[in-house]
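See structure below.
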Amino acid sequence: MTRQQVLDVYFMEARAKLIDIAAFLDRLDRAPGEPDFRLRAFIKALHELQGEGPNRAEKVLLSLSDPTTEPLAKATVKGATGAWRK
Amino acid sequence: MRYIEPHGHMVSRTTDDYTAMAMAGCQAVCEPAFWAGFDRSSVDGFYDYFCQLTEHEPARAAKFGIPHYTWLCINPKESEDTKLAEEVINIIPKFLDKPTVLGIGEIGLNKNSRNELRIFEKHVDLAAKHDQLILIHTPHLEDKLKGTRLIVDALKSDKRIKPERVIIDHVEEHTIKLVLDSGFWAGMTLYPDSKCTSARAIDMIDIYGGERLWMNSACDWGVSVPLAVPRTALEMKKRGHSAEFIDKMIYQNPLKFLSQSPRFKLG
Ligand SMILES: [Zn+2]
């Protein structure tokens, strides 16, 4: 696909997702209380979008990942939160 | 269109799903053993589940003209209890001679704990001893990168394991290169909110080429789309991929990997 074709196929979808992210951040601002580690991780990952390509998706995923290498002593929960808590 | 669904938890799906998959051209569905959404309380629960996977579900799928195959294991979400996990691993050989069993899976890691890793290695040992194919689940979200690294290291250190007989599933942009460069097959799971969208899966196909790569819906009891593979095929068409290449990605590639088991036969 040419860049023009990529825009034709995906621009509206990406535009909608972009506005959704903006509205999500506004919603967080309006809400009372303190945010947890996920917001900080989200904002940090957002910065990857402004960097140079071509691997922005990979950089966002890496930014949200547990970078450690040693196995955990014990699994105390089953679920994942989507962002790494230091 | 013809396609293979190489990863679907059909015991959690409806007859309407089977009908839709058959109408979309599904030629076979493969069902890895999975966590039920709650912990099973004993080895007997797994015995019953393995009977369901090897006897009842193939019969249900056959009513819709779809051959059903399966993989057996205890899921990493239940591996923290190593005593139960070892009991379950001990009953798996009883089922390995069933005509629709393809191998050991989906094994792997969930929270990347020591016990999970120990049980993963026991499953790999079982597969090696019985010359079985292996299907691997990589952890969710922030745990995926670390888990994929631990899994690849463990597999590489077992010299009996041939990478071309192992598929490492649920890869994303940050794990696909490690998996493919290590000689394994890679699976991309098409989920609405996590793992991989159709667009991103096709991006990875564009970047890494179409070798040793398959796509699946991993449809189960959670939010998932049983027709995700044919939907992605439509998106590939929209992006200008040829009918031959689409067929390779959704039919020929899974056929190539799965045919390493003499049991996997179509038509
Ligand atoms: Zn699965």
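The values are calculated or read from the model by the stated rules, or taken from the named source; none is laboratory data. Note that the coordinates shown come from a computational prediction; the quantities given were computed from them, not determined experimentally. Here the Cβ positions follow ideal geometry from the backbone for every residue, glycine too, while neighbour counts run over all protein chains shown. For accessibility, only protein heavy atoms count, side chains too; no ligands or nucleic acids. Shrake-Rupley method; radii C 1.70, N 1.55, O 1.52, S 1.80 Å.
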message = Tell me whether region B:209-219 contains one or more residues that are within 13 Å of the ligand (Cβ to nearest atom) and at pLDDT below 95.
response = no
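So that you can scan it fast, the table gives a plain yes or no per residue for (1) over 22 Å from A:L18 (Cα atoms); (2) assigned by TED's automatic domain parsing to the domain that holds A:D26; (3) over 9 Å from the mean Cα position of the chain (by Cα):
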{"position": "A:L39", "(1), (2), (3)": "no, no, yes"}
{"position": "A:F42", "(1), (2), (3)": "no, no, no"}
{"position": "A:L46", "(1), (2), (3)": "no, no, no"}
{"position": "A:G53", "(1), (2), (3)": "no, no, yes"}
{"position": "A:E58", "(1), (2), (3)": "no, no, yes"}
{"position": "A:A75", "(1), (2), (3)": "yes, no, yes"}
{"position": "A:K78", "(1), (2), (3)": "yes, no, yes"}
{"position": "A:A83", "(1), (2), (3)": "no, no, no"}
note = Here the qualifying pairs (Cβ atoms under 6 Å; residues six or more apart or on different chains; first in region B:15-44 and within 14 Å of chain A (Cβ to nearest Cβ); second open to solvent by 30 Å² or more (accessible area, probe 1.4 Å) and within 16 Å of the ligand (Cβ to nearest atom)) come out as B:W35/B:K77; B:G37/B:W221
request  = Scan (1) farther than 29 Å from B:G240 by Cβ; (2) outside any loop (DSSP other than H, G, I, E, B) for the single condition A:E34 breaks and write down its number.
outcome  = (2)
Hits in region B:109-125 (condition: open to solvent by 10 Å² or more (accessible area, probe 1.4 Å) and either under 19 Å from B:G187 (Cβ atoms) or part of a helix (DSSP H, G or I) (or both)) = B:R114, B:N115, B:L117, B:R118, B:E121, B:K122, B:D125
request  = Quickly run through region B:145-174 and pick out the residues that are under 18 Å from A:S63 (Cα atoms) and either more than 16 Å from the ligand (Cβ to nearest atom) or open to solvent by 30 Å² or more (accessible area, probe 1.4 Å) (or both).
outcome  = B:L145, B:K146, B:R149, B:E173, B:H174
key: Leading residue by the ranking (farthest from B:V229 (Cα to Cα)) among those in region B:52-83 that are among the hydrophobic types (A, V, I, L, M, F, W, C) and free of Cβ contacts under 8 Å to residues at least 24 places away in the same chain   = B:A59
request  = Could you tell me which of the residues B:T70, B:T100, B:T82 is within 26 Å of B:R263 (Cα to Cα) and away from the ligand (no atom under 15 Å from the Cβ)?
outcome  = B:T100
inquiry  = I'd like the residue in region B:128-144 that is farther than 17 Å from A:P71 by Cα and open to solvent by less than 10 Å² (accessible area, probe 1.4 Å) and, out of all such residues, is farthest from the other protein chains (Cβ to nearest Cβ).
reply    = B:L133
ask   = Does B:A186 count as within 16 Å of the ligand (Cβ to nearest atom) and either touching a residue at least 24 places away in the same chain (Cβ under 8 Å) or at positive phi (or both)?
value = yes
message = Test of understanding: among A:M12, A:M1, which residue is assigned to a helix (DSSP H, G or I) and more than 12 Å from the chain's Cα centre (by Cα)?
response = A:M12
task = Give, as residue ranges, the strands (runs of 3 or more DSSP E) completely inside region B:1-108 that count at least 2 residues that are closer than 25 Å to B:Q252 by Cα and in contact with a His (Cβ under 8 Å, 6 or more places away or on another chain).
result = B:26-32, B:101-108
key: Residue in region B:1-17 that is nearest to B:L213 (Cα to Cα), counting only those that are within 16 Å of the ligand (Cβ to nearest atom) and among the aliphatic types (A, V, I, L, M)   = B:I4
Residues (within 15 Å of the ligand (Cβ to nearest atom), out of contact with any Lys or Arg (no Cβ under 8 Å at 6 or more places or on another chain) and more than 19 Å from B:F257 (Cβ to Cβ)) located in region B:18-43 = B:F34, B:A36, B:G37
query = Being away from every other protein chain (no Cβ under 13 Å) and either in contact with a Phe, Trp or Tyr (Cβ under 9 Å, 6 or more places away or on another chain) or not basic (K, R) (or both), is that true of even one residue in region A:51-58?
reply = yes
task = Any chance you could count how many residues in region A:46-68 are part of a loop (DSSP other than H, G, I, E, B) and open to solvent by less than 90 Å² (accessible area, probe 1.4 Å)?
result = 8
message = Pairs please, first residue from region A:62-76 and more than 7 Å from chain B (Cβ to nearest Cβ), second anywhere and not small (G, A, S), Cβ atoms under 7 Å, 6+ apart in sequence or on different chains.
response = A:S63/A:K44; A:S63/A:E48
ask   = Taking region B:84-107, which residues are in contact (Cβ under 8 Å) with a residue 60 or more places away in the chain and either farther than 17 Å from B:T54 by Cβ or over 17 Å from the mean Cα position of the chain (by Cα) (or both)?
value = B:P99
